[in-house]
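The values are calculated or read from the model by the stated rules, or taken from the named source; none is laboratory data. Note that the structure is predicted; figures quoted are calculated from it, not measured. Please note: Cβ atoms are built from the backbone with ideal geometry, for glycine as well, and neighbour counts cover all protein chains shown. Surface accessibility is based on the protein's heavy atoms, side chains included, excluding ligands, DNA and RNA. Shrake-Rupley method; radii C 1.70, N 1.55, O 1.52, S 1.80 Å.
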Amino acid sequence: MTDNCIFCKIIAGDIPSQTVYQDELITAFRDISPVAPTHLLIIPNQHIASLAQMGEEHAAILGRAVKVANDLAVSEGMAESGYRFITNVGPDAGQAVFHVHFHLVGGRPLGGMVRRVE
Ligand code: AMP
Ligand code: ZN
């Protein structure tokens with residue numbers, strides 16, 4: 001638990017969340033400001049600032065995160081329709097919370113992945 005990290009506090013149960021899954025490595029909960037019918041955040045229980053701090057030593061966490069994402073896509077009813085699994089790294093990507101998190105988004109057509117920024 002890292003002081004002043006909102007996601008560490010969610011993992012610890014110190015601030016409320018709509019948690020949908022938790023195991024010894026991973027917690028998943030609903031995004032407070034969803035952009036689609038399903039918008040979950042899948043995060044490691046270990047405090048890691050972003051994907052940029054992750055590597056081969058985190059293979060177990062990353063593998064579990066992918067499995068949990070795919071399982072949740074099934075339980076959310078979007079395994080066939082499709083979904084997106086995204087992480088933002090740093091300012092240009094718009095990372096707002098510096099505890100690495102994967103957005104699992106779906107339940108509607110999501111449009112193109114890359115848009116021109118003027
Ligand atoms: P990012 O821009 O990739 O850092 O995404 C941060 C995400 O965390 C945003 O989609 C927020 O809506 C979400 N968020 C922030 N605070 C909370 C919270 N207390 N519970 C659930 N989601 C949150
Ligand atoms: Zn944290």
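Side notes on the structure shown:
- Selected from I42, I15, I86 as most flexible by GNM, with the chain as the system and alpha-carbon contacts under 10 Å: I15
- Nearest-0.05 FRET efficiency for L110 and Q46, computed from C-beta distance (R0 30 Å): 0.55
- In the full protein context, the chain carries 60 Å² of accessible surface per residue, based on a 1.4 Å probe and ignoring ligands, DNA and RNA.
- Computed about the Cα centre, the dipole magnitude for the chain is approximately 360 debye when only Lys and Arg (+1) and Asp and Glu (-1) carry charge, each at its Cβ.
- Highest-MSF residue in the chain out of Q53, Q22, Q95 [GNM, Cα springs under 10 Å]: Q53
- Cα centroid separation - region 65-91 against region 10-37, whole Å: 14
- For region 82-92, Karplus couplings with θ = phi - 60° (6.51, -1.76, 1.60), whole Hz, Gly/Pro x: x, 6, 10, 10, 10, 10, 9, 10, x, x, 5
- With every protein chain in place, the chain: carbon and sulfur % of accessible area (1.4 Å): 54
- The helix-only estimate of mean residue ellipticity at 222 nm for the chain, built from DSSP H runs of length n ≥ 4 each weighted as -39500 (n - 2.57), is -7000 deg cm²/dmol after division by the residue total.
- Region 15-117: trypsin sites (Lys or Arg not before Pro) in DSSP coil with no more than 15 other Cβ atoms inside 10 Å: R115, R116
- Residue-by-residue Karplus 3J(HN,Hα) for region 45-51, coefficients 6.51, -1.76, 1.60, Hz, glycine and proline x: 5, 6, 6, 9, 5, 7, 4
- From phi via Karplus (6.51, -1.76, 1.60), per-residue ³J(HN,Hα) for region 2-10 in Hz, x at Gly/Pro: 9, 4, 6, 9, 4, 6, 4, 5, 5
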